[in-house]
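What follows is a single structure, written as structure tokens, with notes after it.
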Amino acid sequence: MLLRGFSGARLEIVRRDGRSWVRKWAVDGGNERLNAERRRLGWLASVGAASGLFEVPRVGAGGVDGGRAWYEIEYVPGRSVESVAAADGHASGIDLGIRLARIAGVLRDGARGPDAEGHAAFLRGKLMQTAASLLGRCGAVGLGEAGATFERLTAGLDIDRAAEVASGIGGGCHGDLALDNALIDRSGRIVLIDPLASDSETAYWDAAKVLQSSLACWGGIKSGEVRMVGRSYGVARPGGLAALHRAFLTSVLAQGMDERALAVHLVVTLARVMRYVDGVRLGALLGASIELMYRLEAGGTVLDEPLDSLRGTLEPVLDGGAEIPAGDAGRADNAGACGGAFRRVG
Ligand SMILES: Nc1ncnc2c1ncn2[C@@H]1O[C@H](COP(=O)(O)OP(=O)(O)OP(=O)(O)O)[C@@H](O)[C@H]1O
Ligand SMILES: [Mg+2]
């Protein structure tokens, strides 16, 4: 059986020794990256065991076949944090948001933070890598204006400050803590998969990746469940995910993270995934990052309110009787009024 890897990795499930294993193959030219991923799984397993906050699947065999590296990890039956929060509603979202923030906290302290200058260069490099192909790709799908706005606004981002701030805290991280890379097993434990090592490491990556899912609706965009609604993009942001977002953001800010530096890292992570999508999905990522950069320019809070660029009739799922942030409640009512797929759970 084959699993789908978004970034192009081939995954298959193999049965051996009475267990199911996921065998993951490197993408072209990605052997070193896959090996780094495997080493990081080992480090994560030790932090998970010491903290008791999360687990990592057992790592099995590995090797190189036909010049391509692979390794196996045990298959974990369960669902992603993203789908659990979305289906189980508000209380579950809050619990998961708090637990993820604790995890990000213990990981953070596992390594030194980045050097400020090097990190600034890394952030700029990632934005430039996206910019290199962005305008051409945007023009081809009628997003030329959004592409140009994105480029203009990224040029005004305060990268140096964000890098300086990131250099002031630990650099330990999973590296790709988007909510589809955190699973909930049958006992309710959080199991982390698919880490990413990068050349400049900071705890800001993990927080930004959670927000990529919880605020910028990466799960829906990635799976293509997004469509134009007027000048915005309709993409599901269920109440449980919104609750996870609030709880996670509040916790990491209380741990001392800086909201503006976090927003800059989020823009960079969104720019990184822009390279893998096209059409309406690219439009949604551009819309979300442009809105974040306008909020940064405006100088107020940046990350707590849902993004207007991503509103739509597909959202949200809200618990009956839960305390709903005003922005989300308004959206739910709008969605209901538009006859969208609006439901309450609980
Ligand atoms: N050990 C595992 N147990 C259960 N499911 C798994 C496991 N490993 C991978 N999967 C499933 O396969 C999907 C893709 O795996 P993984 O995240 O490792 O690949 P990827 O190509 O790097 O993904 P992406 O770029 O989409 O994050 C996961 O989101 C998950 O649904
Ligand atoms: Mg993944």
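Bear in mind these aren't lab numbers, they're just calculated from the coordinates by the rules spelled out. Note that the coordinates shown come from a computational prediction; the quantities given were computed from them, not determined experimentally. All Cβ positions, glycine included, derive from the backbone under ideal geometry; neighbour counts span all protein chains shown.
Things to note:
- Under the combined filter of DSSP loop state and at most 15 neighbouring Cβ atoms within 10 Å, segment 52-89 retains these trypsin sites (Lys or Arg not before Pro): Arg58.
- Placing a label point 7 Å from the Cα of Arg275 along the Cα-to-Cβ direction, the residues of segment 133-164 with a backbone N closer than 11 Å are 133.
- Between Val229 and Arg68, the simple spin-label model (points 7 angstrom out along Cα→Cβ) gives 4.0 nm.
- Span per principal axis, largest first, for the Cα atoms of the chain (Å): 54, 47, 40
- Ala36-Ser198 pseudo-label distance in nm [points 7 Å out on the Cα-to-Cβ vector]: 1.1 nm
- Fully extended contour minus Cα-Cα distance, from Ser20 to Tyr294, at 0.36 nm per residue: 93.9 nm
- Kirkwood-type hydrodynamic radius, segment 79-189: 16.9 Å, calculated from all non-identical alpha-carbon pairs.
- Selection among Gly147, Trp205, Val47 by position relative to the dipole of the chain gives Val47 as farthest towards the positive end (Cβ unit charges, Cα centre).
- The slack in the chain from Ser187 to Met128, taken as 0.36 nm per residue of separation less the alpha-carbon distance, amounts to 16.9 nm.
- Seen from Glu37, the other residues with C-beta closer than 11 Å to its C-beta sum to a net charge of +2, counting Lys and Arg as +1 and Asp and Glu as -1.
- Per residue, the average separation of C-alpha pairs within less than 8 Å and at least 6 apart gives the chain a relative contact order of 19 percent.
- For segment 78-345, size of Cβ-based charge dipole, Lys and Arg +1, Asp and Glu -1, in debye: 540 debye
- Reachable lysines from Lys126, criterion Cα separation under 21 angstrom, eight or more residues apart if same chain: Lys209, Lys222
- Efficiency of FRET from Cβ geometry, Leu253 and Ser46, R₀ 35 Å, rounded to 0.05: 0.80
- Residue-wise HN-Hα couplings along segment 155-163, as the Karplus relation 6.51 cos²θ - 1.76 cosθ + 1.60 with θ = phi - 60° gives them from phi, are 5, x, 5, 8, 5, 4, 5, 4, 5 Hz; Gly and Pro carry x.
- Per residue, the chain reaches -16500 deg cm²/dmol at 222 nm when only DSSP H runs of four or more residues are counted, each adding -39500 (n - 2.57).
- Annotation: amide H of Leu143 has no partner in the under-5 Å range at sequence separation 5 or more or interchain, hydrogens built in the peptide plane.
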